[in-house]
1. Just one of the numbered conditions (1) within 25 Å of the chain's Cα centre (by Cα); (2) touching a residue at least 40 places away in the same chain (Cβ under 8 Å); (3) more than 23 Å from residue 188 (Cα to Cα) is not true of residue 334; which one?
2. I'd like to verify a number: residues in the range 264-286 that are crowded, with 19+ Cβ neighbours inside 10 Å and more than 19 Å from residue 343 (Cβ to Cβ), how many?
3. Considering the range 47-78 alone, what residues qualify as being surrounded by fewer than 17 Cβ atoms within 10 Å (Cβ to Cβ) and outside any helix (DSSP H, G or I)?
4. Quickly run through the range 89-109 and pick out the residues that are closer than 25 Å to residue 157 by Cβ and not in a strand (DSSP E or B).
5. Regarding the range 312-324, can at least one residue be identified that is without any contact (Cβ under 8 Å) to a residue 24 or more places away in the chain and within 25 Å of residue 207 (Cα to Cα)?
6. Sort out which residues of the range 110-141 are within 16 Å of the ligand (Cβ to nearest atom), surrounded by fewer than 21 Cβ atoms within 10 Å (Cβ to Cβ) and in a loop (DSSP other than H, G, I, E, B), and write them in order of number.
7. Could you list, in sequence order, all residues of the range 354-377 that are touching a residue at least 24 places away in the same chain (Cβ under 8 Å) and out of contact with any helix residue (DSSP H, G or I) (no Cβ under 9 Å at 6 or more places or on another chain)?
Ligand SMILES: Cc1ncc(COP(=O)(O)O)c(C=O)c1O
């Protein structure tokens, strides 16, 4: 059929050579997915079962990333979300209804707690916060209507490593599912399914992304029934991911082993140096014995990543702790760790119920890829600010 130039702008007959092969996954962008016939039109989220139907459920770029994460975590199905917090909300919204109860460690990532106490609470879901080192005693908190036990190990900021196996055994004995936020371990330094976890999630934003330039999350399961619940919830919620972000995450995966290894070595050296300083009361790094649950880290983890906290001895005021953080030159101040840049954030942890009495004396560090000796020199020149 003859075409005007305007139509050719949309429906072109231009030819290019076929057969190009690259080492990278192309960025397939697309909302509309073209069907071969009128009868083939479907609106079903499971692209593995029915083929591609709509960009919301993933283009090949997103499905490639999901499949790679699934493979690394030894799962059966992975669903991507627009960020780690969206992975947390997808899990809660997929599995909970009014009248249900969930258990969350007091050491949880704060927006996870806030979701439970605000939005979930408004929809009739009750949450109790438990002491993260509770282990098998979680049994005593499980109610008739408890549907999920959340774990996050190590916990955010205060870094408690949980006795995952004991919590899983106690929860399963009462037919309650266990969810793990496995972000600190990048989904690989702790094998969630080998420890009996039912649903594992991570902020892909962190170590997989690895360069502080994208937001993504993942939820991985083995049980097909859980996958069905998650997939239909994702469809209803419309949690779409950007193929461009997925492409960056696929690139991040290729260097994650060397980044993690360099970061592990550097973080341990910085943490060990800090432990020797008179200003520091304790170092909360899972691979250092002073960290609560260090024995569970030794038992369960394959290594450590680059986020840990320090607690100063009593004495410095909050302003002095802020002055220390402000005096750092290489460590930048900001959320979202696991990139190549070292970060420092101080907290007033006493404001969060159930946290240890560290008050304003706790600073969380993210170790990036700067040289370890420069990072130590930076901390060394800033520590006197605690006394100024
Ligand atoms: C342990 C943990 N889980 C989840 C998230 C949320 O991830 P995102 O920032 O991608 O929403 C974060 C972010 O800091 C986190 O530290």
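1. Answer for residue 334: the failing condition is (2).
2. Result for the range 264-286: 1.
3. Listed by number, the residues that qualify are 51, 74, 76.
4. 89, 90, 91, 92, 106, 107, 108, 109, listed by residue number.
5. no
6. If the condition is that a residue be within 16 Å of the ligand (Cβ to nearest atom), surrounded by fewer than 21 Cβ atoms within 10 Å (Cβ to Cβ) and in a loop (DSSP other than H, G, I, E, B), then no residue fits.
7. Selection gives 354, 364, 374.
Residues checked against (1) under 22 Å from residue 266 (Cβ atoms); (2) at pLDDT 95 or above:
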residue	(1), (2)
312	yes, yes
316	no, yes
327	yes, yes
333	yes, yes
337	yes, yes
343	yes, yes
349	no, no
356	no, no
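The values are calculated or read from the model by the stated rules, or taken from the named source; none is laboratory data. No experiment lies behind these values; they were computed from the predicted model shown. Cβ coordinates were reconstructed from backbone atoms using ideal geometry, including for glycine residues, and neighbour counts include every protein chain displayed.
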